[in-house]
Amino acid sequence: MKVLVTGGLGFIGSHTVVELQNEGFEVVIIDNLSNSSEDVLKGITTITGKTPLFEKLDLREKASVQDFFKKHNDVAGVIHFAASKAVGESVEQPLLYYENNISSLIYLLQELQQKPEASFIFSSSCTVYGQAEKMPITEDAPVQVAMSPYGNTKQIGEEIITDTAKVTNINAILLRYFNPVGAHKSVEIGELPLGVPQNLVPFITQTGVGLRQELSVFGDDYPTPDGTAVRDYIHVVDLAKAHVIALQRLLSKKNLSKVETFNLGTGKGSSVLEVIHSFEKVSDKKLPYKMMPRREGDITEAYANTDKANNILGWKAELSLDEAMASAWKWEQKVRSK
Ligand code: WQD
């Protein structure tokens with residue numbers, strides 16, 4: 001069974017390709033290498049012994065997308081990761097985000113709707129909830145006005161897929177990730193942020209290897225137990241496995257409706273300070289950090305109610321925050337030793 005993974009050389013995409021290959025799927029990757037490199041293909045091959053097909057292609061080019069589906073007309077399912085994902089950058093360059101994240105999705109769906117049937121897994125985000133009223137967050141928590149164009153592209157993407165699935169043979173699952181962290185235990189693939197990391201964990205590990213002087217903790221005056229913001233940090237391998245299970249659900253027609261939505265998190269909230277302490281424990285290093293004002297647009301807390309994913313999708317996160325931090329640290333040390 002051939003599966004297309006767009007953005008398959010990215011952080012979550014590459015880990016998902018490994019798990020798809022472990023389950024016996026033939027994988028073809030589309031990636032424009034704007035935020036990844038072909039070296040990732042080697043990492044995947046080292047882990048699984050199988051090199052996925054790879055097409056360097058920009059999904060904003062409609063003709064290229066059409067040509068791809070003519071060539072690979074046996075694609076049974078698509079897992080769509082390819083998108084720009086930096087919250088701050090999206091505020092600075094909204095049109096880049098709307099063009100990239102929305103038109104790519106439209107061109108993909110236009111090809112899939114011509115097939116007798118198609119299974120579509122969409123990479124969404126807990127960011128659609130904004131600051132949810134109630135913790136832990138369930139899938140029926142209201143989608144709030146997006147805090148950034150990036151978040152808005154996820155909300156719009158979900159709506160486009162929902163409207164399209166209603167009137168075509170496309171069946172879809174929307175996966176709302178919480179905070180993906182960590183790296184594959186083989187240390188062959190992991191997160192490769194370009195430039196100064198926006199996200200907490202890569203900034204911590206880069207500080208640990210001395211690439212950054214110290215971590216700025218954005219806010220210690222939140223209404224949380226230790227004053228720092230709380231998130232649900234989910235190991236990227238657990239996240240990757242959920243994508244394979246979701247795809248298999250659609251391919252085996254177990255879905256209960258044309259579009260299903262699942263939160264993917266651990267169900268546990270961790271504060272910034274708890275993440276720092278986890279890093280210090282697994283690395284046996286003291287992390288230099290300083291308290292700074294809150295970051296514009298940040299919410300106080302978000303962690304998932306995982307009942308639906310556990311009981312309906314049949315998936316549960318298994319790896320702990322310490323395991324995620326240990327794998328992220330090992331990966332950072334390897335990348336910096338090159
Ligand atoms: C986590 C916490 C920061 C950096 C975003 C997107 C989400 C997904 C993941 C793409 C916050 C604090 C961070 C630092 C800090 N993105 N922090 N110092 O903002 O929860 O989620 O990234 O898929 O959609 O919204 O993740 O890692 O940026 O921040 O104190 O140097 O760490 O303030 O409280 P976030 P994050």
> Which number in (1) farther than 18 Å from residue 184 by Cα; (2) open to solvent by less than 40 Å² (accessible area, probe 1.4 Å); (3) polar (S, T, N, Q); (4) outside any loop (DSSP other than H, G, I, E, B) marks the one condition that residue 84 misses?
Replying inline: (4)
>> Suppose we filter 189, 173, 161 for residues that are within 20 Å of residue 34 (Cβ to Cβ), β-branched (Val, Ile, Thr) and either more than 13 Å from the ligand (Cβ to nearest atom) or not in a loop (DSSP other than H, G, I, E, B) (or both); which single one remains?
In response: 189
>> Suppose we filter 281, 241 for residues that are assigned by TED's automatic domain parsing to the domain that holds residue 146 and either over 22 Å from residue 126 (Cβ atoms) or open to solvent by 30 Å² or more (accessible area, probe 1.4 Å) (or both); which single one remains?
In response: 241
> Could you say whether any residue in region 209-219 is open to solvent by less than 10 Å² (accessible area, probe 1.4 Å), in contact (Cβ under 8 Å) with a residue 60 or more places away in the chain and under 20 Å from the mean Cα position of the chain (by Cα)?
Replying inline: no
> Can you tell which of 253, 285 is of a type in the set (Lys, Arg), on the phi > 0 side of the Ramachandran plot and not in a helix (DSSP H, G or I)?
Replying inline: 253
> Filter region 192-208 for residues that are open to solvent by less than 50 Å² (accessible area, probe 1.4 Å) and under 18 Å from the mean Cα position of the chain (by Cα); which is farthest from the ligand (Cβ to nearest atom)?
Replying inline: 193
> What number of residues in region 300-316 are in contact with an Asp or Glu (Cβ under 9 Å, 6 or more places away or on another chain), away from the ligand (no atom under 16 Å from the Cβ) and open to solvent by 20 Å² or more (accessible area, probe 1.4 Å)?
Replying inline: 4
> Consider residue 27 against the criteria (1) in contact with a helix residue (DSSP H, G or I) (Cβ under 6 Å, 6 or more places away or on another chain); (2) surrounded by fewer than 15 Cβ atoms within 10 Å (Cβ to Cβ): it satisfies all of them except one. Which criterion is unmet?
Replying inline: (2)
> What about residue 274, is it within 12 Å of the ligand (Cβ to nearest atom), farther than 30 Å from residue 1 by Cα, exposed (fewer than 14 other Cβ atoms within 10 Å of the Cβ) and assigned by TED's automatic domain parsing to the domain that holds residue 224?
Replying inline: no
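If I filter region 122-145 for residues that are touching a Cys at 6+ places or on another chain (Cβ under 7 Å) and closer than 18 Å to residue 262 by Cα, do I get at least one hit?
From region 122-145, those touching a Cys at 6+ places or on another chain (Cβ under 7 Å) are 137; that's our starting set.
This time we only want the ones that are closer than 18 Å to residue 262 by Cα, so: 137.
Yes.
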> For region 5-22, does any single residue satisfy the condition of being assigned by TED's automatic domain parsing to the domain that holds residue 146, within 27 Å of residue 196 (Cα to Cα) and over 19 Å from the mean Cα position of the chain (by Cα)?
Replying inline: no
> Which residues, counting only those in region 7-54, are in contact with a Phe, Trp or Tyr (Cβ under 6 Å, 6 or more places away or on another chain) and part of a strand (DSSP E or B)?
Replying inline: 29
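Taking residue 337, is it on the phi < 0 side of the Ramachandran plot and over 20 Å from the mean Cα position of the chain (by Cα)? Give the derivation first.
Details: on the phi < 0 side of the Ramachandran plot: yes; over 20 Å from the mean Cα position of the chain (by Cα): yes.
It is true that residue 337 is on the phi < 0 side of the Ramachandran plot and over 20 Å from the mean Cα position of the chain (by Cα).
Yes or no: residue 257 among the polar types (S, T, N, Q) and open to solvent by less than 50 Å² (accessible area, probe 1.4 Å)? I'd like the intermediate steps shown before the answer.
Working: among the polar types (S, T, N, Q): yes; open to solvent by less than 50 Å² (accessible area, probe 1.4 Å): no.
So residue 257 does not fit the description; no.
The values are calculated or read from the model by the stated rules, or taken from the named source; none is laboratory data. Note that the structure is a prediction, hence the values are computed from the model and not measured. Note: ideal-geometry Cβ built from the backbone for every residue, glycine included; neighbour counts use all protein chains shown. Surface areas here come from the heavy atoms of the whole protein model, side chains and all, with no ligands, DNA or RNA. Shrake-Rupley method; radii C 1.70, N 1.55, O 1.52, S 1.80 Å.
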